[in-house]
Amino acid sequence: MAQQTNQPAQQKQQREFVRVDDHLPLAWRKIDEERFRAVMAYFEQHRTFPHKSDDIHQAIAALDITEALKKLEQSEPLLARVLIRLDQKLNLLLRLFHPSEGERPMTLTPVNLSGGGISFEDKETGLVVGDVVELRLSLSVDTLTIIECFARVMKIFDLGDGGMTRIACRFEPILDPDRERLIQHIFLRQSELLRAKSGY
């Protein structure tokens, strides 16, 4: 009986450790422990991250057309789908080229992903083991969703290639829906790689 009770937890843990290599748009920045403690306190209470306030993103929020598009879906579903996709791509481009203050633009980066963490390559980061980074990750070059989360640096590897390093991080924390998106992306990417390898 105890074995059956633990099975779902074991399956969940196994899913989180499945990993894959990819090249994805990524941006990161180091945050200090004081800010991280404030984020964690908010997360523990609300199970989400504090809202960021900056001019351009407030302006984007003020121009939101989600409700109008939902109404349009009833009468013109094809047109609504096209407009929804355009709206989402414009939002993504704004996030790429106009990040919040202190954030880097997202750049295509070699990553290794799992449901529990990420490693990525960067040049002369100045990070040390134990640092906390805030991550923004897109699951494809033209994805409609950006995952934002926090991660703690666990290991740093010198790649010996023009000052490049690989930074291995554990998510700390990531929202459950975003973790699920990552896991689904990993399974999809693994399937694509298997098909490419077998020639299908």
Residue within region 145-160 that is surrounded by fewer than 17 Cβ atoms within 10 Å (Cβ to Cβ), among the aromatic types (Phe, Trp, Tyr), more than 21 Å from residue 51 (Cα to Cα) and out of contact with any helix residue (DSSP H, G or I) (no Cβ under 6 Å at 6 or more places or on another chain) present: yes
Residue pairs meeting the criteria (Cβ under 9 Å; at least 6 apart or on separate chains; first over 12 Å from residue 117 (Cβ atoms), in region 152-177; second modelled with pLDDT under 90 and among the basic types (Lys, Arg)): 162/123; 163/123; 164/123; 165/123
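Results for (1) modelled with pLDDT of 85 or more; (2) hydrophobic (A, V, I, L, M, F, W, C); (3) closer than 30 Å to residue 154 by Cα, shown as yes or no for each residue.
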{"residue": "64", "(1), (2), (3)": "no, no, no"}
{"residue": "79", "(1), (2), (3)": "yes, yes, no"}
{"residue": "93", "(1), (2), (3)": "no, yes, no"}
{"residue": "103", "(1), (2), (3)": "no, no, yes"}
{"residue": "110", "(1), (2), (3)": "yes, no, yes"}
{"residue": "117", "(1), (2), (3)": "yes, no, yes"}
{"residue": "123", "(1), (2), (3)": "yes, no, yes"}
Qualifying residues in region 33-62 (those that are surrounded by 11 or more Cβ atoms within 10 Å (Cβ to Cβ), modelled with pLDDT under 70 and not hydrophobic (A, V, I, L, M, F, W, C)) - the one farthest from residue 90 (Cα to Cα): 52
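The values are calculated or read from the model by the stated rules, or taken from the named source; none is laboratory data. Please read all numbers here as calculations on a predicted model, not as lab measurements. Heads up, the Cβs are rebuilt from the backbone with ideal geometry, glycines too, and the neighbour counts pull from every protein chain shown.
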